Amino acid sequence: MPSHKSLEHKHLRVWENVAEAIWKRYPGAVRFPERVDVAVTSKRIALDQSDAVIERRITYDYSEKVPLILRANVNPADRFVMLETLTFNWRERTLQVEVHNETGLPDVSYRELTMIAAHPDNELWTMVRQTGSYESNLFFGINQMGCSMCEEIYNLNFMHNVDADVSLMQEFASTSSSEVVGYFPTYLRQLFIQDYDPSQLPPLPPPTDGGLSRSDVGGGGAMAPASTAGAAAPVGKEVLDPEETARRLAWMFSPTPPIAMPTSDAARPKAVEVPRRLGRKGAALTCMKPTLVPMHTFHKGAPTGPDPPPLEIYGVMRDGAAGDSIRQRDGQGASSLVMF
């Protein structure tokens, strides 16, 4: 049976918040548009009250993922049913989610396993690892299409699950969570209290206001709420030392020193000399803006462009002895200029 590529994601939040977000994924919402309906089919708690197992029946709309050729074998595509089994272990802080399809059997078999546990390097983080496998028993020609469909569903579920967890945890961040590390979650207690006697459920956590401190499972030490993990004091309400407060205020209201300017032109930094063409115009401007001036390089201070055209082409003669005096060619009093 071919297997999917293992996918991992790290949440920078505690396991209690991530597990609550996974449980409260809303069906048919913007976070997961393909999820149409979620129904709990069974639930049970272990005899030693160490974990709880919940089975759910989830309906998806995979009409865009199932090709038309496979509709005869995978039908209905818009009511694709998968069975999900969640195993909560609040003492070890692990959540295992097993998913397998009901629609499309036995032609297409799809299995998915997601493990959510506390990060081994930092207990304030959570690691999500998803693996899976698939098997397509279709005839040659469309068998590859069935494998591609399973790959797309696998990647789509991972992407939407991570997005749903992040968006939900952002909502949880604005409210204080009442979950306590190592004790039965309150959202699961609300689910089991409908069919179980309160004496059959795990005990409630004792009231505590200490910080988050992980101890052994059998140590019996009280755990703090998960929302206080890594938070020393509420933002904006920390207590400052009077000396530190005076130092900060002096720094905030101190005048800005004037900018030191050079006293002479010699101290000013010289401008970078850029090779120039056409006098004061730079080479870049000449390249961008067309001009009729010939592309010659003149020495510094020389006039730019060609000399003005001679007046002889307009029928006017210059008198070299008279300087600027101009006489007409015919000398008969005609005032118009004749071009020839």
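Of all residues in region 114-130, none satisfies being more than 29 Å from residue 10 (Cβ to Cβ) and in a loop (DSSP other than H, G, I, E, B). Does any residue of region 96-104 turn out to be assigned to a loop (DSSP other than H, G, I, E, B) and open to solvent by 60 Å² or more (accessible area, probe 1.4 Å)? Yes; the residues of region 96-104 include at least one that is assigned to a loop (DSSP other than H, G, I, E, B) and open to solvent by 60 Å² or more (accessible area, probe 1.4 Å). When residues in region 107-134 are screened for being open to solvent by 20 Å² or more (accessible area, probe 1.4 Å) and within 20 Å of residue 85 (Cα to Cα), 11 of them pass.
Considering only region 48-64, I want to know if a residue exists there that is modelled with pLDDT under 90, over 22 Å from residue 160 (Cβ atoms) and in contact with a Gly (Cβ under 7 Å, 6 or more places away or on another chain). No, region 48-64 contains no residue that is modelled with pLDDT under 90, over 22 Å from residue 160 (Cβ atoms) and in contact with a Gly (Cβ under 7 Å, 6 or more places away or on another chain). In this structure, does residue 65 turn out to be in contact with a helix residue (DSSP H, G or I) (Cβ under 9 Å, 6 or more places away or on another chain), open to solvent by 10 Å² or more (accessible area, probe 1.4 Å) and in a loop (DSSP other than H, G, I, E, B)? It is true that residue 65 is in contact with a helix residue (DSSP H, G or I) (Cβ under 9 Å, 6 or more places away or on another chain), open to solvent by 10 Å² or more (accessible area, probe 1.4 Å) and in a loop (DSSP other than H, G, I, E, B). Looking at 79, 93, just one residue is open to solvent by less than 30 Å² (accessible area, probe 1.4 Å) and of a type in the set (Lys, Arg), and that residue is 93. Within region 17-62, restricting attention to residues that are open to solvent by 50 Å² or more (accessible area, probe 1.4 Å) and assigned to a strand (DSSP E or B), the residue that is nearest to residue 186 (Cα to Cα) is 44.
The values are calculated or read from the model by the stated rules, or taken from the named source; none is laboratory data. Just so it is clear, the model here is predicted, and its values are computed rather than measured. Methodologically, a virtual Cβ is constructed for each residue, glycine included, from the backbone with ideal geometry; neighbour enumeration extends over all protein chains shown. Note: accessible area is taken over every heavy atom of the protein model, side chains too, but ligands, DNA and RNA are not part of it. Shrake-Rupley method; radii C 1.70, N 1.55, O 1.52, S 1.80 Å.
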